[in-house]
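> Here you go, one structure.
The values are calculated or read from the model by the stated rules, or taken from the named source; none is laboratory data. Everything numeric here is computed off the predicted structure, so don't read it as measured data. Note that we place each Cβ from the backbone using ideal geometry, even for glycine, and neighbour counts take in every protein chain shown.
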Amino acid sequence: MSNLLVDDPRPGIRRLTLNRPEKRNALDNELRGALLAALRDADYDDEVHVTILRGSGPCFSSGYDLSSDLKANRPSYTAGGDGGWPRHVTDGWLSLWDLAKPVIAQVHGYAMAGGSELAAACDLVYLADDATISHPVLRVAGPPDFAFHPWLVGVRNAMETVLTGDAMDAAEAVRTGYANRLYPPHDLEKSVLTIAERIAGVPHELLQLNKRWVYRAAEAMGARASIRAATDIGALSPHIPAVQQNLDDLRNQIRGASRNDRKTR
C-alpha cells in the first residue's frame, strides 16, 4: 500500500493523503520524499491550481518517525555537521513557499512536532475544532527543526509556546495565527474543498504571483533568514548534558516500544 495517496476530488484540485495510519502518519524519509515529489508534480501540472494535504486515520501527523533511520535516503542533499538535520528539513519545508501552486493543510486529530512543522509550511491551514497543535520536543531537546513560530503567531505567543512546550487547541491556533479557521470535524473536508474550489477558480499563473508577493514581504522582514538561523542555534542543544540525557531516555523508550510491538505481532 502506498504511503501517500493522490487524487483529484474536483476540477483544479489535487489532494495528497499521508497514508501511514498505523504509524500515525509519522514522517520517515520515504514519506517526506514522496510528498515533496508529489507537490512538485502538481506544480508542473497546468490542470492543478491548488493542493490539499491531509492525513489518514486518527490524525494529521505525529511528526518525524524517530523509529526509522532518518540519516539514510534523505529526499535532498544538505551539508552535514552539527545542525544538518534541522537544516535539511527546513530546506524541505521552505520549498513549499517556493511552489507556484498554493498548498492547504487540512488538519484533524493532531499535528505534533514535525507534523506541526509540515502544516505550518503550508500556505493555508484549516483545523477540525477538536484538533491540537503541539511540539513536545521543546521541553526535551531544544528549538524546533523548522522555527516558524514568531512569524505565524507573533513574538509573545511564540515565546510562551517555546518556553512552556504547551500544546495549542484549535481555537488557540486560530486566535494566534497558526491556522486560518476551524470547523466541526464532520464539516472539515467539505469546507476545505469549498475553499479550494474558490482558489481553483483563479488562473494558476495569477495564483503564483499572489502567493509569491506575500512570501516576498515576509522575506523582506527577515522570515527566511531567521528560520534558517534557528537551525544553527538549535545545533547547540545536543551538546547540553541535560539534553543528551533526555535524548538517550527517548531513544530507549523508542527501542522498548519497538520490541514490545514486535512481540505482539
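> Do we find a residue being in contact (Cβ under 8 Å) with a residue 24 or more places away in the chain, of a type in the set (K, R) and either assigned to a loop (DSSP other than H, G, I, E, B) or within 22 Å of D249 (Cβ to Cβ) (or both) anywhere in segment 127-139?
yes
> Test each condition in (1) more than 10 Å from the chain's Cα centre (by Cα); (2) farther than 29 Å from D46 by Cβ for F146 and report the one that comes out false.
Of (1) more than 10 Å from the chain's Cα centre (by Cα); (2) farther than 29 Å from D46 by Cβ, only one is false for F146: (1).
> Which of the residues spanning segment 178-237 are over 19 Å from R10 (Cβ atoms) and acidic (D, E)?
E205, E219, D232
Residue by residue, here is whether (1) in contact (Cβ under 8 Å) with a residue 60 or more places away in the chain; (2) farther than 30 Å from P184 by Cβ holds:
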site: L27; (1), (2): yes, no
site: L36; (1), (2): no, yes
site: I52; (1), (2): yes, no
site: W85; (1), (2): yes, yes
site: T90; (1), (2): yes, yes
site: V107; (1), (2): yes, no
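> Here is a further query. Within segment 14-36, take every residue that is of a type outside the set (D, E, K, R) and either under 23 Å from E197 (Cα atoms) or touching a Gly at 6+ places or on another chain (Cβ under 6 Å) (or both) and give me the one that is surrounded by the fewest Cβ atoms within 10 Å (Cβ to Cβ).
Ranking the candidates gives P21 first.
> Right, another one. So the check is Cβ under 6 Å with 6+ separation or different chains; which pairs have a first residue in segment 190-211 that's under 20 Å from A128 (Cα atoms) and a second one that's among the aromatic types (F, W, Y)?
Taking only residues 6 or more apart or on different chains, the pairs are S191/Y183; V192/Y126.
> Tell me which of these M168 doesn't satisfy, since it passes every other one: (1) touching a residue at least 40 places away in the same chain (Cβ under 8 Å); (2) surrounded by 14 or more Cβ atoms within 10 Å (Cβ to Cβ).
All conditions pass for M168, except number (1).
> For residues that are in contact with a Ser or Thr (Cβ under 8 Å, 6 or more places away or on another chain) and not β-branched (V, I, T), scanning just segment 145-154, find the one that is farthest from G115 (Cα to Cα).
It comes out as G154.
> Against the conditions (1) within 26 Å of K23 (Cα to Cα); (2) in contact with a strand residue (DSSP E or B) (Cβ under 9 Å, 6 or more places away or on another chain), where does H204 fall short? Just the number, please.
For H204, the failing item is (1).
> Does segment 63-97 hold any residues that are more than 15 Å from the chain's Cα centre (by Cα) and farther than 17 Å from A26 by Cα, and which are they?
S76, Y77, T78, A79, G80, G81, D82, G83, G84 - these are the residues of segment 63-97 that are more than 15 Å from the chain's Cα centre (by Cα) and farther than 17 Å from A26 by Cα.
> Where in segment 30-122 are the strands (runs of 3 or more DSSP E), entirely inside, with at least 3 residues that are aliphatic (A, V, I, L, M)?
Correct list: 50-55, 103-107.
> Look at A230 and say whether it is surrounded by 15 or more Cβ atoms within 10 Å (Cβ to Cβ), small (G, A, S), at pLDDT 95 or above and under 30 Å from D43 (Cβ atoms).
no
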